[in-house]
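What follows is calculated from the coordinates using simple rules that are stated; it is not laboratory data. Since this is a predicted model, take the numbers as computed values, not measurements.
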Amino acid sequence: MKTGNINLKLIGATFGLAFALSVGAADAQYDAAKKSADADYETAKARCESMTGNEKEVCFKEAKAARDKAKADAKAEHKSSKAAGEADEKKMKADYKVAKEKCDAMSGAAKESCIQDAKTQYHQH
């Protein structure tokens, strides 16, 4: 195997691992943000309990509004992260198609090796 092929495989593997980790991290971050919003809401509701009348109702509404806004922001951030991941995936697929097309100029074992390297580099199985 050529040194260049090893480097391409390492680069591809590194990119794939980073992509997988970033997707998992985005999901974990989203879940944590939702839990934090719920915890903040419970704390705010507890503060409202000592109030009376309209002041108490306003306090509850403010607490709920703050929770809903925090969750909306978390969802928007999560969708943005997810969209970036999907874009990266589409780019990898497009680059794979180009690499595979370049392999068509080869034949035999060299072509098979080229295609396998492209699959590895661009995570196409």
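Taking each residue as 0.36 nm, the span from Ala76 to Arg47 lengthens on full extension beyond its C-alpha to C-alpha distance by 7.6 nm.
With an 8 Å cut-off on Cα pairs and a minimum separation of 6 or more residues, tell me the relative contact order of segment 67-125 in percent. Relative contact order, segment 67-125: 31 percent. Across segment 23-65, the convex hull enclosing all Cα atoms gives 38 Å³ per residue.
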